[in-house]
């Protein structure tokens, strides 16, 4: 057995013994943690590793660098070479020939086209980038998959269905047709439906789903028009304080904030916290207008049913809802204990100029409480791998910029910096959201009976995290696209877009102008009678969907509201000019430039190796080991024939398979292939010579071994008999 193999076996045996002893000790000594304790230990290990990689290691290397620069060590002194120190016993001719044989076999793969150093360096950089960005993209995809919860969709659909439609015990929002019926809906669906539970602690059970709890109180908010709105512009909402029953002049009463807030429903809301101004500064997009979130008049319901009833009677007696009301919003939050899920609900109705109302509902199902016990080991492992991959990503970026600062001018390195910044912002937003949720839960414990807990703030931060994750995936995909430019398909597609951007821009502009004009025309003619053409933007989207094949929703009768003949012309234009003519022009233009780019790319790729050919030579040992593991390594099988016969059979087989005539090659490529054949022939000759020398060494070594064995059996006490003794 060789010494190297013996060392490997001893190392393997030692490892098995140590692991077995540790497993037996852990099993029989009662060393066992609870699941939560084990996960806490794992999180502690992750935090320590993160601290070591980000803070401790840089400090350590700074100290080492200072020590080496201020107190440099003496250089090592090596003895001079002497010829008599050579030991011929360490030289083995057979091992040298075997090493030489392996090197010559590897040299056979490295032909003239493989010795393009500039191309090889480019491929090495591609291998590094492909590993870095590919692993980061895969791990990021895994993080997205493990962080998604399928229950959110079903919870949102259930909430929309329960609040929108009638039930046996309460009224649905879809059955409210006038603003005067809104208080009846609130009494039925938002008061009596939550009458069970302990109101003293601010949590009420829901009649329909016993696992759901109402957190805090329900908030009513209305927006009122300052004047009648005519036209397409945004309306102006009043922000003037009033007395009850919307009377003027407004008066500030003493101690109004010490008791039940009688005057608050007639005083406009004024956001004071910076967090509200930053996170909740958005508009609700309705069917009639857009409604800002941080404006309006607010009324809070009570926790107990009796108090809520008094509030509703007071608002009804003093005409809190009038014809000047533009929209009413009902905000509240439900918490499902079993699913550990918050349902941040906003029910709202819009009052149209015709007196009717349009109901809307927005329910966001989110998970805000992260319990260590409920996090699976798979999720923890993926998060740990993502952390390590992200640190490697930062390290590679800093190293490149440190040694070559000019690379920062490249758009791709700017995208790397964008990925790092978005990652840091994402982590900061997650920690910020967790602190906000913890503070709100503490407020819930000691909240008074008229305090609204706005869980929409962490909900908006949750959706901000989703948006940042989407930007991360998009940026990483674009960066991976740049790395994948080694493939011909990606290069041809990129070259096509680069060469055809001006014609494509002109064609797209023409198509967009025609779509906009046609969408406005159909909106003006048919918008008052069909929901598909109600707005100009909706009309353009409907036409695009029809052009791409979604034709089951739009019927010809939907375009006949301006006359049958005009409707036929509009439908024919939408079905032929847009769907066939413009789209086919765009596709044929792309196809023309794609063929031209492919022709140029084929001429370039004939003179160089591909990326996969480079990998096959660069990682030859890895491919050989993988082939042995998968039993895919090829061996020569004689099959009772000579080598010449087997070679002739293979040549005949290739001749039968290649029925198509060979493609024409230019003179330069023919010369390259000719030189490669000569080089390959010389390499094969060298391999055969080395093999013959190895064979000679093996044969002579066997003869010498037999001679040594024969000398061992020869007698030493007497000389051998002379052949002439028998003749005496």
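The table below gives the values:
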{"quantity": "Any hit, the stretch 369-380, residues being in contact with a strand residue (DSSP E or B) (Cβ under 9 Å, 6 or more places away or on another chain) and over 25 Å from residue 130 (Cα atoms)", "calculated": "yes"}
{"quantity": "Selected residue (only one of 675, 641 is assigned to a loop (DSSP other than H, G, I, E, B), surrounded by 12 or more Cβ atoms within 10 Å (Cβ to Cβ), more than 47 Å from the chain's Cα centre (by Cα) and on the phi < 0 side of the Ramachandran plot)", "calculated": "641"}
{"quantity": "Qualifying positions in the stretch 391-406 - closer than 18 Å to residue 127 by Cα and in contact (Cβ under 8 Å) with a residue 60 or more places away in the chain", "calculated": "392, 393, 396"}
{"quantity": "Any chance residue 476 is in contact with a helix residue (DSSP H, G or I) (Cβ under 8 Å, 6 or more places away or on another chain), farther than 30 Å from residue 570 by Cβ and modelled with pLDDT of 90 or more", "calculated": "yes"}
{"quantity": "Any chance residue 362 is surrounded by fewer than 18 Cβ atoms within 10 Å (Cβ to Cβ) and within 14 Å of residue 152 (Cα to Cα)", "calculated": "yes"}
{"quantity": "Filter pass, residue 419 being crowded, with 17+ Cβ neighbours inside 10 Å and modelled with pLDDT under 90", "calculated": "no"}
{"quantity": "Listing of strands (runs of 3 or more DSSP E) fully contained in the stretch 239-355 that carry 2 or more residues being surrounded by 16 or more Cβ atoms within 10 Å (Cβ to Cβ)", "calculated": "297-300, 325-336, 341-351"}
{"quantity": "Every pair of residues 6+ apart whose Cβ atoms lie under 6 Å, when the first sits in the stretch 422-436 and is in the same structural domain as residue 391 (by TED's automatic domain parsing) and in contact (Cβ under 8 Å) with a residue 60 or more places away in the chain while the second is crowded, with 16+ Cβ neighbours inside 10 Å and in a helix (DSSP H, G or I)", "calculated": "433/458; 433/461; 436/458"}
{"quantity": "Residues of the stretch 162-179 classified as in a helix (DSSP H, G or I) and either over 39 Å from the mean Cα position of the chain (by Cα) or crowded, with 18+ Cβ neighbours inside 10 Å (or both), total", "calculated": "5"}
{"quantity": "Subset of the stretch 64-106 [more than 30 Å from residue 621 (Cα to Cα), at pLDDT below 70 and outside any loop (DSSP other than H, G, I, E, B)]", "calculated": "83, 84, 85, 88, 89"}
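Table: residues versus (1) assigned to a helix (DSSP H, G or I); (2) in contact (Cβ under 8 Å) with a residue 40 or more places away in the chain.
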{"residue": "507", "(1), (2)": "yes, yes"}
{"residue": "511", "(1), (2)": "yes, yes"}
{"residue": "525", "(1), (2)": "yes, yes"}
{"residue": "532", "(1), (2)": "yes, no"}
{"residue": "538", "(1), (2)": "yes, no"}
{"residue": "542", "(1), (2)": "yes, no"}
{"residue": "554", "(1), (2)": "no, no"}
{"residue": "558", "(1), (2)": "yes, no"}
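The values are calculated or read from the model by the stated rules, or taken from the named source; none is laboratory data. This one's a predicted model, so the numbers in the text were calculated from it and none came from an experiment. Every residue, glycine among them, receives a Cβ derived from its backbone with ideal geometry; neighbour counts consider all protein chains shown.
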